Amino acid sequence: AVTLVWFRDDLRISDNPALAAAADSGDDVVACYVLDEDTEGIRPLGGASKWWLHHSLAALSASLTDLGIPLVLRRGAAADVVPRVVAESSAHAVAWNRRYGLAERTTDAALKASLADQGVEATSYQANLMYEPWEVTSGTGGAYKVFTPFWRACLASRTPRKPLPAPDSLHGPQLPSDDLDALGLLPSPDWAQGLRDTWTPGEAGAHARLDDFLDRARGYKDNRNLPGVKGTSMLSPHLRFGEISPFEVWHAAQDSRDPSTAEDIRVFGSELGWREFSWQLLYFHPELATVNYRPEFNAFTWETSTRSELEAWQRGQTGYPLIDAGMRQMWEIGWMHNRVRMATASFLIKNLMIDWRVGEKWFWDCLVDADAASNAASWQWVAGSGADASPYFRIFNPVLQSKKFDPDGKYLVRFVPELADADNVHEPWKGAAPGYPEPVVDLKESRERALSAYKALSES
Ligand code: FAD
């Protein structure tokens, strides 16, 4: 008998409940990944994420080969492709790990039903969130509106389960597979050198990042705010693609705790909690990437005629060092430090008064960790239109932020090298700064413009 394991956002062999169940059944196992760019509502991956997926699939394929089976790659709408693979392999059962976007859930539910009609049982498992979105809900049964009570209630409900080991070995038939290169995930022309220099996609790379982080977790609580310091885990793309599970990260962090790092590990755990919170929001508000969570923001008037300002932001040419360093960091390595994500998003939304959705899309295309829930929830958080959001009138001042969090300008100069010669790295316009642009907007004026637009909204 054959069980088909359909891999999605869970590109790992350890702590993979669907794979573990198939292995434990003693069945032959067929492992399959479907690149689905055809199902309506499933958001196509951005460029940086595609690069990541290519390498992650290569790594998963190698791990499965070591265990004894190939990874079968296919492309097309899952509703067509999965039943085809079931038929080709004569599978009597299908196993997958749950996903939580609306189009994904609808697809999976329809597949489950149509497979059942053919006598094939599909079983889904919890793998990618420690608390499923419907598990710990607010008093009215929906999403929590505020993070702290959400996370407190999650932790009080139960301890996240322990991770499962990887199977020792697998057996199963060969099936025709598309060639990984033919999926067309790699960029052409090749702009991925900075990504290659920074990341090792795949499960081994994820565990190496985790180990490296746990060795230097002491100080995380403060260091996580300093973009020039390697203070955070950089696990986000690995978590996004499920190369490591949140259960694995959670328990490894708890196990590494000693009295001197207890507070750092608690804060790190609550960041994982923000990921869970974002997914609960997306589950109950599937349009989180396009629709204001707080409808009063629908009346907000965004500037639309600022093409050159938008381009300056996208290219890291705004004349504000922290904004430019962040945008160039993302362009170069597909990842940006959290503090700088907040500052660059605030700058776009408030100083340039460009609709947060424009920024959300740009990040979606540029980030290797682009995540349907965390990206949308975070953009709405900065915009003030989201749940538990930073109030709209909180406008990050990029100069004060870099003076406070990157005082020696290390981060600024690393990503904006022309600032090495500037007289004043935080405020280059105050002296000579050869090759560096003038500010695109005046901070004070643009701040006042934003505040009066908000005032008009709140009075309307
Ligand atoms: P660490 O500090 O080591 O945190 C550990 C893990 O916790 C992260 O890997 C991540 O999975 C999770 N996490 C941490 N902070 C947050 C947060 N605020 N919200 C949700 N999860 C969090 N994160 C994404 O994973 N994908 C995105 O597309 C994304 N877009 C963002 C857009 C904006 C405008 C902002 C302000 C934040 C965004 N974040 C996003 C959240 C956060 O910036 C990243 O998760 C974090 O910088 C990843 O770095 P790290 O793995 O070193 O984090």
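The residue among Leu183, Thr3, Asn397 whose Cα reaches farthest toward the positive pole of the charge dipole of the chain, with charges on the beta-carbon of Lys, Arg, Asp and Glu, is Asn397. Distance from the Cα centroid of the range 410-450 to that of the range 352-367 is 22 Å (rounded to whole angstrom). If R0 equals 35 Å, the separation of the Cβ atoms of Lys221 and Asp442 corresponds to a calculated FRET efficiency of about 0.50. Here the range 376-460 is treated as a Stokes sphere of Kirkwood radius computed over C-alpha pairs; at 37 °C and 0.692 mPa s its diffusion coefficient rounds to 219 µm²/s. The value given for the range 328-404 is a Kirkwood hydrodynamic radius of 12.5 Å, derived from the mean inverse Cα-Cα separation. Evaluated with a Cβ-only charge set (Lys, Arg +1; Asp, Glu -1), the range 179-335 carries a dipole of roughly 380 debye about its Cα centre, given to the nearest 20.
Here the spin labels are modelled as points 7 Å beyond Cα on the Cα-Cβ line, and at Ser157 and Thr137 they lie 1.0 nm apart.
To the nearest 20 debye, what charge dipole does the chain have about its Cα centre, counting +1 at the Cβ of each Lys and Arg and -1 at the Cβ of each Asp and Glu? Write down the numbers at each step before the final one.
Working: 46 positive and 62 negative charges, 293 e Å.
Its charge dipole is roughly 1400 debye.
Report the extension gain between Ala77 and Ser177 in nm, rounded to one decimal, defined as 0.36 nm multiplied by the number of residues separating them, less their alpha carbon distance. Before the final figure, lay out each step's value.
Working: separation 100, 0.36 × 100 = 36.00 nm, distance 1.58 nm.
The Ala77-Ser177 span can extend by a further 34.4 nm.
Amide H contacts of Leu35: Arg74, Arg75, Gly76, each under 5 Å away and 5 or more positions distant or on a separate chain (H built 1.01 Å from N in the peptide plane; Pro and chain starts excluded). Using Cβ point charges alone (K and R +1, D and E -1), the dipole size of the range 77-222 about the Cα centre works out to roughly 960 debye.
How fast does the chain diffuse by Stokes-Einstein, in µm²/s, taking the Kirkwood radius from C-alpha pairs at 20 °C and 1.002 mPa s? Before the final figure, lay out the partial values.
Details: Rh = 23.4 Å.
Rounded, D is 91 µm²/s.
When the P(r) of the range 295-459 is calculated, the portion above 20 Å amounts to 48% of the C-alpha pairs. Paramagnetic label reach from Arg84 (point 7 Å along Cα→Cβ; backbone nitrogen cut-off under 19 Å): within the range 1-32, residues 4-8, 30-32.
Rg and Dmax of the range 2-126, both derived from C-alpha coordinates alone, stand at 13.7, 40 Å.
Where a number appears in this text, it was derived from the coordinates with a stated rule and is not lab data. This is a predicted model, so every value here is computed, not measured. Cβ: placed from backbone, ideal geometry, glycine included. Neighbour counts: every protein chain shown.
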